[in-house]
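A short write-up of the structure that comes next.
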Amino acid sequence: MSRLRRNANSDKKIWVLVFVIVSVFCVIFFAAKGRFTTVVSSQAVISALAPFQRALAWAGNEVDYVTATVWEVVTVYHQNEMLKNEVVQLRQQNLQAGEYEAENIRLRALLDYKASSRQFDLVAAQVIGRNMDTWTNVIMVNRGSMDGIAVNMPVITEKGLVGFVVEVSPNASKVQLILDPRSSVGTLVQRPESRVAGIVQGNMEDAMSPQMVNIPRNSDIKEGDVIVTSGFGGIYPKGLMVGTVVSLRNDDAGLLEIATMSPAADFQKIEDVMIITASREAPPVPLTPPPQTPGTETNPDGTPVNPPKK
């Protein structure tokens, strides 16, 4: 029984739908021919089409809203991906810019030192490796025999002495640092009234603090003294900065003093060095003549500035 009712209701819906469709078709057809000109007919058409127009308008608005929302989501997604890529690129550029700036500062310092040290022929090199077993003893640089590098050439930075070349290949060299306990650098105190001589070696107890040994007891050396190379031994030229005395103590026998030093070169951050391929005696500092007594001034050749009149 219920099935018959459902079939009857379905038939009614189908006939209503057919009637509506036919009515709409007829209204559109006759309206196109201009036959509905009365007010009553126009109102009937408007009333009949109003629900369909509202439905179509609602459906159109919904479709427009969904389309706009989907397009906005897609646009935001693509913009987000573009911004992510841009952030990654900017970070890489910022990192590269930082590296270039740091390298520029280091190289500028090396160039300034080279310009002020005309008694040396210098070859710039980059540190390309360290011996991890003896990190404070040996470094590798990217210059070799093809660049004119040879064994026993001194290696420096703009701050001070680093070591000397112990092995050379065509494109690289091995440098023994002054921090190596096997190293031996002839040095002296730079202070004019002292000029105490000694030998700087690596410190096995403190790898980053070399020590100056063979200092006579009660010699004129004190904390804060600047230590430079003495030129003895034939490897290091005279006057290279080595470090500063930070403490003094007696040796085990009590006959000599040992000075613990802070090295001039920053071995923790060393990246670029210079190799001295040739060394000449530094030109003497020009002497400044003392002020002359008024009335007795003389020229450089000894003649009076204002000779007496005859």
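Table for the structure above
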quantity	calculated
Qualifying GluC sites (Glu not before Pro) in the range 126-205, DSSP loop, other Cβ atoms within 10 Å at most 13	193, 205
Packing-based exposure ordering (other Cβ within 10 Å, fewest first) of 157, 69	69, 157
Charge-dipole axis of the range 120-279 as Lys and Arg at +1 and Asp and Glu at -1 on Cβ define it, positive-most pick from 212, 236, 179	236
Gyration tensor (alpha-carbon) shape descriptor, the range 120-279, a/c threshold 1.5	prolate
Footprinting exposure proxy for 151, 213, 88 (fewest neighbouring C-beta atoms within 10 Å first)	88, 151, 213
FRET efficiency for residue 112 and residue 152, using Cβ-Cβ distance with R0 set to 22 Å, rounded to 0.05	0.25
Distance (nanometres) between label positions extended 7 Å along Cα→Cβ at residue 194 and residue 253	2.3 nm
Normalised per residue, the volume of the convex hull around the Cα set of the range 175-266 (Å³)	94 Å³
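Every number in this text was worked out from the coordinates using simple rules, so none of it is lab data. All figures in this text were calculated on a predicted structure; none of them were measured in a lab. All Cβ positions, even for glycine, are placed from backbone atoms using ideal geometry, and neighbour counts span all protein chains on display.
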